[in-house]
Amino acid sequence: MVPLADIGDELLSLMGAAAFDVLQSIPPAVSLVQQRYMLTQQVAIFERKHRLHVTLDYAMTMADALMELQESASRAGVSMTRAQLRALMPNDFAQHWRDALEFLAILTDTWPAIEQEMGMITTTARELRLMDALAAHWALHPPPFWVYAVGSTASQSATAQLLKTIATMEKGAVILPGVDPLMDAAEWTSISV
């Protein structure tokens, strides 16, 4: 049994020999502690450049906020770029919008360069890629054993794709939370995979 909320490398064991190819195609994850440290450094650099002074507490708090934004965007399937963020702002935006855009460049410009240099990705990005890889593998090579997905609401696209794959497998079943088994036929037909 593998809880979807705790997906990591143990997911690879469900792929058999194909797991070796996946290991080579998906970069390792940077630890959350290391990610927080590097983002704290970047916040401190930004703040010293713009405000000349920054406390460690403030830099760590802002790094935590950036990590939360980074994770939320990844789980929603949103790739943040400077151009995408700029498009969200009014044409005649005020200075504080410019400051926010420049601050978020830590995520849009600096962080991708850090990942590239390290050859690593965030833990969330790795989890999502693992789920995508498993869904793609099972779509082509369904496992010989039964797979039950129980209780997930498919709140992110990678989970939704994995559940869809499981639901279409000969030996797959998705058990949705809160579904009334006594629904009438019209209600059942309105559920889509």
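The values are calculated or read from the model by the stated rules, or taken from the named source; none is laboratory data. The shown structure was predicted, so the numbers you read here are calculated from the model rather than taken from an experiment. For neighbour counting, all protein chains shown are included, and Cβ atoms are generated from backbone atoms with ideal geometry for every residue, glycine included. When the accessible area is computed, the model is the full protein with side chains, heavy atoms only, and any ligands, DNA or RNA have been set aside. Shrake-Rupley method; radii C 1.70, N 1.55, O 1.52, S 1.80 Å.
Take the stretch 29-50 and flag every residue that is open to solvent by 50 Å² or more (accessible area, probe 1.4 Å) and touching a strand residue (DSSP E or B) at 6+ places or on another chain (Cβ under 8 Å). Of everything in the stretch 29-50, nothing turns out to be open to solvent by 50 Å² or more (accessible area, probe 1.4 Å) and touching a strand residue (DSSP E or B) at 6+ places or on another chain (Cβ under 8 Å). Scanning the stretch 74-93 for residues that are in contact (Cβ under 8 Å) with a residue 12 or more places away in the chain and surrounded by 13 or more Cβ atoms within 10 Å (Cβ to Cβ) turns up Ser74, Arg75, Met80, Thr81, Arg82, Leu85, Arg86, Met89. With respect to (1) aliphatic (A, V, I, L, M); (2) open to solvent by 90 Å² or more (accessible area, probe 1.4 Å); (3) free of Cβ contacts under 8 Å to residues at least 12 places away in the same chain, the lone exception for Ala160 is condition (2). For first residues located in the stretch 9-21 and without any contact (Cβ under 8 Å) to a residue 40 or more places away in the chain, partners that are surrounded by fewer than 12 Cβ atoms within 10 Å (Cβ to Cβ) and lie 6+ apart or on another chain with Cβ distances below 8 Å form the pairs Ala19/Ser13. Pairing each residue of the stretch 99-119 that is farther than 14 Å from Leu39 by Cα with any residue that is among the charged types (D, E, K, R), provided the two are 6+ apart or on different chains, yields C-beta distances under 9 Å for Leu101/Arg82; Leu101/Arg86.
Screening the candidates His96, His53 for the property of being free of Cβ contacts under 8 Å to residues at least 12 places away in the same chain, part of a loop (DSSP other than H, G, I, E, B) and either surrounded by 15 or more Cβ atoms within 10 Å (Cβ to Cβ) or out of contact with any His (no Cβ under 7 Å at 6 or more places or on another chain) (or both) yields one hit, His53.
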